[in-house]
Amino acid sequence: MTIRWQSAVALGTAVAATVIALPQATSSRPRADVQVSVQPERLNVVGLPCLPGNLTLTMTNTGSEDRYADLTLDPRGPLQLSRTLFSSWLPAVDPDQPVSAPVEVRVPRDTRPGDHSVDLEVDRSRLTVPVTVNPPPPKDPGSNVALGEQATASSTHGNFALCGAVDGDHDSEHWDTLTGWNDGTRAVFPDNYDVTLATPTTIDRVELYTLDSVRYPAATNGLRDWDVQVRSGSGDWRTVAEVRGNTLGHVTSTFDPVQADAVRILCLAGNGNTYSRIVEVEVYGS
Amino acid sequence: MRSTRRNFLTVTGTAAALALAGNLPEVGRALAGATGRGDRRDPFTLGVASGDPLPDAVVIWTRLAPEPLAPFGGMDRRPVEVQWQVAEDPHFRRVVRHGTTRARPESSHSVHVDVRGLRPWRHYWYRFRVNGQLSPVGRTRTAPAAEAIVPELSLAFASCQAWWEGWYTAYADMARRDHDLVFFLGDYIYEFGIDRGIRPNSNAPWMTQQTVTLDEYRVRYASYKLDPDLQAAHASAPWVVTLDDHEVVDNWADEAHPSAPPAQFLVRRANAFRAYWEHMPLRLTQLPKGPDLPLYRRIKYGRLADFDVLDTRQYRSDQAYGDGTKAPGPETKDPARTITGDAQEKWLLDGWSASRARWNVLAHQTAIARLDTRQGPDVLVPMDTWDGYEASRARVLGGAVQRKVRNLVSIAGDLHRSVASDLKLDFTDPDSPTVATEFVGTSISSGIDGMDLDPGGATLLQENPHIKFGNFQRGYVSCSITPQRWISDYRVVDKVSVPNGTVSTRAKLLVEDRRPGIQTL
């Protein structure tokens, strides 16, 4: 969706003589020279804590002078945003240079399905993004009960998202930019990545995707040794499966059915002895 | 030298200098909403600062941010009038300058007042007022008159203040001691996201993501500047600041960073520079124009010292051999490569040609001294320091020798360790004459507690005979400079992992006039 911004609001305040005036390039006077687009045009979200809807906001300076601009976001109804402001310098260049920033949209788990919106504003001109809240995906027998559930970790590298390993994307080619968890303590083990399930669930299988792309094969960059652990009630973590010496991108661990509130991947060693890298953790019951 | 108070008031043109707090006239217009009438939130949550002293001027700074981590700092998006006062005494009985300026939303409601008409080499106190609320009081000091040789100058320098890695105990110590001037030499913030640390709230949401956009850099500065010890250090003396890599992103070089193609990276750089200027006590002459920040500049302290404040990030060639720690080679020696850029190098050398100062000081980011980090005959040096730009180093040190620059002293940071060195024209030849002296200060907090001598520090001392002192604790350097000698007092903190660490002097190092090189006191 691309909209040429129009504005008709005059600057409200006259400049007093005592002011240290800044160059006009930094003025916030409304001008019709910032073009805004949002991808996707409409957003669907569900009430899962680690499965936000993702919008990419883009501002493009179509005027003749470099400038700074502020894009404000106003969420309606139950919508929760990871940011309500996107400010940037926007160069005036030919061809136009779009400048983008991400925003995550979440709703509480018990949010009723319905239609809402996020209002965007630059230079007092507005744009509305419709957001539909859908029912959460069914957690039936046979479905991945870790999908979108709350993840926690011993640490997370600053370039990665904690939720990246429960976001439903297990494609290693999307590593770093779109998906995956990478711990934040280089060459220090163990690390752990935990997923708290929505309700106590009987499970018997964990599928783990570690980094295994053309550029970063699992044999040199993937997770090598780990334990699959579960926790139930107030009990301790209990190991239900062990993987050692792994060089593959996708490993399935099966075990006797067990009731679990939460699942932990206890990362013991990585190939290359640098980081623990998980593209996706999937948890299944029988 | 000193003008009388009557003369001074005449010069200011203010017939009735304002006296006590509470006598300031109200702002003429009623302001609604944030910081208007009825808004009782404290707008001065980020403290006050001053910087870049001249003999007759100093910049005073604050930022209105009643909710410093919220969008626009919790301010309405409209200009707000801010009153300011500069006095000769901490009780504001003798106000010598005052005025009204406007905090603007496009500058994050920061205020940079270039206060002119002051007298040289004297203390002043300053404060701001908005909507009846007074800011904390800051103390500052102007530079000496152009030809003056003041008997003693006290300065501190610091760098690398990773907030989540430790308490700013060093700043509390710096604020308690009487400094005329403070240099900050880079890594005021860290741009990457972190999710744990020494401090409560180290994993706060505004700390977990890397900063890329302007709103993100602004929040990062605000989160750092909330620290009371940092605010106390700013309020205690004028600061002269320059930046290093983490004010933008780790180890950037000119337009190059692996995170993005140059055009995209320059947008990030512009955002980072804008937020930097907004939060530092810098003049309008340092205001960035998009991705260009005119930062390198000369600060003169009479005939005692010239400070050449460098920017070795914005104009440097990309790091040799893909960065990291490597053996020197044709790339590090390539005369076409530069750490300063050609224009800054010429400005520096031309400045030296004209210098009449007793001490000529390079205030900059990282070590000039060679840092061989490998035990044994092999040599491995950092590609990000001047070791990666050997031709630049030779031109600058050689240029100083050719120009007979008196008492060249380099002060720097970046390494997260204290390193004091003799600077030589040829570091591979122990008989090469020492031509200058270098004091690298450790980090304020980056690296957590550290220790007196770590294995890396021991190797540096072993492999580099020109290094005379090393320490791997946190802290800063407090210096006393007279026409005859320079003393660097390495102040170190026993622990930054707790809020009540103890600060002590680890070493006092001496440089004498016309005798380059470190001497131990």
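The numbers here are math on the coordinates, done by the rules we state, and not lab data. These numbers were taken from a predicted model, which means no experiment stands behind them. FYI the Cβ positions are ideal-geometry reconstructions off the backbone, even for glycines, and counts take in every protein chain you see.
Evaluated at 25 °C with a viscosity of 0.890 mPa s, what Stokes-Einstein diffusion coefficient in µm²/s does chain B have when Rh comes from the Kirkwood expression over alpha-carbon pairs? All intermediate terms of the calculation are to be shown ahead of the outcome.
Numbers: Rh = 23.5 Å.
D = 104 µm²/s.
Report the relative contact order of chain B, percent, no decimals, based on alpha-carbon pairs under 8 angstrom and at least 6 residues apart. Present the calculation step by step, with values, prior to reporting the outcome.
On the way: 1348 pairs, mean separation 70.8, N = 521.
Taking the mean separation of contacting Cα pairs over the length of chain B, I get 14 percent.
Along Cα→Cβ, 7 Å out, is where each label goes; now give me the distance between the ones at B:Asp431 and A:Arg186 in nm to one decimal.
4.1
Measure up B:Lys333/B:Lys424; B:Lys346/B:Lys424; B:Lys326/B:Lys468; B:Lys404/B:Lys508; B:Lys424/B:Lys508; B:Lys326/B:Lys424 against 25 Å on the Cα-Cα distance and list the ones that go over. Write down the numbers at each step before the final one.
Details: B:Lys333/B:Lys424 16 Å; B:Lys346/B:Lys424 21 Å; B:Lys326/B:Lys468 23 Å; B:Lys404/B:Lys508 27 Å; B:Lys424/B:Lys508 22 Å; B:Lys326/B:Lys424 21 Å.
Those over the limit are B:Lys404/B:Lys508.
Would region B:282-356 count as rounded, prolate or oblate if I go by the C-alpha gyration tensor, calling it rounded below 1.5 in a/c and otherwise prolate when a/b exceeds b/c, oblate otherwise? Walk me through the numbers on the way to the answer.
On the way: a/c = 2.66, a/b = 1.55, b/c = 1.71.
It comes out oblate by the Cα gyration axes.
Check cross-link reach from B:Lys300 to the aspartates and glutamates: straight Cα distance under 19 Å, and skip same-chain residues fewer than eight apart.
Cα-Cα hits under 19 Å: B:Asp52, B:Asp56, B:Asp114, B:Glu147, B:Glu152, B:Asp180, B:Asp308, B:Asp311, B:Glu345, B:Asp350, B:Asp513.
Chain A: percent of C-alpha pairs farther apart than 34 Å? Don't skip to the answer; put the middle values down first.
Numbers: 14600 of 40755 pairs.
It works out to 36 percent of all Cα pairs.
Per the protein assembly as shown: cysteines with no other Cys C-beta under 4.7 angstrom?
Taking the Cβ cut-off of 4.7 Å, the unpaired cysteines of the protein assembly as shown are A:Cys267, B:Cys160, B:Cys479.
Looking only at Cα atoms, what is the convex hull volume of region A:151-284 per residue, in Å³? Mind dumping the intermediate values first?
Details: hull volume 12.1 nm³, N = 134.
With only Cα atoms used, region A:151-284 gives 90 Å³ per residue.
Can you give the calculated 222 nm mean residue ellipticity of chain B, where each DSSP H run of n ≥ 4 adds -39,500 (n - 2.57) and the sum is split over every residue, rounded to the nearest 500 deg cm²/dmol? Numbers along the way, then the final one.
Values: 10 runs with 98 residues, N = 521.
The per-residue figure over chain B is -5500 deg cm²/dmol.
Can you pull out the trypsin sites (Lys or Arg not before Pro) in region B:441-506 that DSSP calls coil and that have at most 13 other Cβ atoms within 10 Å? Mind showing how you got there, number by number?
On the way: sites: B:Lys468, B:Arg474, B:Arg485, B:Arg491, B:Lys495, B:Arg506; in loops: B:Lys495.
Loop-located and lightly packed - none at all.
Could you give me the radius of gyration and the Dmax of the protein assembly as shown, taking only the C-alpha atoms into account and expressing both in angstrom?
Cα only, the protein assembly as shown: 28.5, 92 Å (Rg, Dmax).
For peptide B:67-77, compute the average count of partner chain beta-carbon atoms within 10 Å of each residue's beta-carbon. List each step's numbers first, then the result.
On the way: counts 0, 0, 0, 2, 8, 4, 0, 0, 0, 0, 4.
That average works out to 2.
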